[in-house]
1. Can you give the extra length, in nm with one decimal, that the chain gains between Q82 and A107 once fully stretched, where that is 0.36 nm per residue apart less the Cα-Cα distance?
2. How big is the charge dipole of the chain about its Cα centre, in debye rounded to the nearest 20, if each Lys and Arg gets +1 on its Cβ and each Asp and Glu gets -1 on its Cβ?
3. Roughly how compact is the chain, stated as its Cα Rg over 2.2 N^0.38 Å to two decimals?
4. Compute the signed sum of charges (Lys and Arg +1, Asp and Glu -1) over the other residues within less than 15 Å, Cβ to Cβ, of Y94.
5. How much of the pair distance distribution for the stretch 65-124 lies past 15 Å, counting alpha-carbon pairs only, in percent?
6. Over the alpha-carbon set of the stretch 23-62, divide Rg by the Kirkwood Rh and report the Rg/Rh ratio to two decimals.
7. Could you quote the convex hull projected area for the stretch 25-90, Cα atoms only and averaged over all directions, in nm²?
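What follows is calculated from the coordinates using simple rules that are stated; it is not laboratory data. Values in this document were obtained by computation on a predicted structure and should not be read as measured data. Cβ placement follows ideal geometry from the backbone for every residue including glycine, while neighbour counts extend to all protein chains displayed.
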Amino acid sequence: QVQLVESGGGLVQAGGSLRLSCAASGLTFSNYAMGWFRQAPGKERELVASISKIGAGTYYVESVRGRFTISRDNAKNMLYLQMSSLNPEDTAVYYCAACGQYIIATAESEYDYWGQGTQVTVSS
């Protein structure tokens, strides 16, 4: 059974930083491209960042480029999202997801497995 478990969310002031983690089990982690998505209240879920199977390629949505860094440790079956210079617009539930079909994936429909999410709240 595939499990993706996010952690590291919380409440932070604007300008602060957080590091999200996603622990994967039940799958051969290095065979999956990974992504971080977020969903703010009243908005659709959107891709934040994605990373290729071996971590050589990354993609970021324009609004987080230069502030967020996605990384993975295939030896530990872990995915990370380092977030800095946070602002209230970053407030959302953040989800990690796994895609087995593509080397790197940017569309929500391309992902096979999803975590339950972790709440990130940025106060002004």
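1. 6.9 nm
2. Working: 9 positive and 10 negative charges, 59 e Å.
Roughly 280 debye for the chain.
3. Working: Rg = 13.3 Å, N = 124, 2.2 N^0.38 = 13.7 Å.
Here the Cα radius of gyration is 0.97 times the empirical estimate.
4. On the way: positive: R19, R38, K43, R45, R67; negative: E6, E44, E46, E89, D90, E108.
Counting the neighbours of Y94, the net charge comes to -1.
5. Numbers: 1084 of 1770 pairs.
Tail of P(r) above 15 Å: 61 percent of Cα pairs.
6. Numbers: Rg = 12.2 Å, Rh = 11.4 Å.
With Rh from the inverse mean 1/r over Cα pairs, Rg/Rh is 1.06.
7. Details: hull surface 20.4 nm².
For the stretch 25-90, the mean projected area of the Cα convex hull comes to 5.1 nm².
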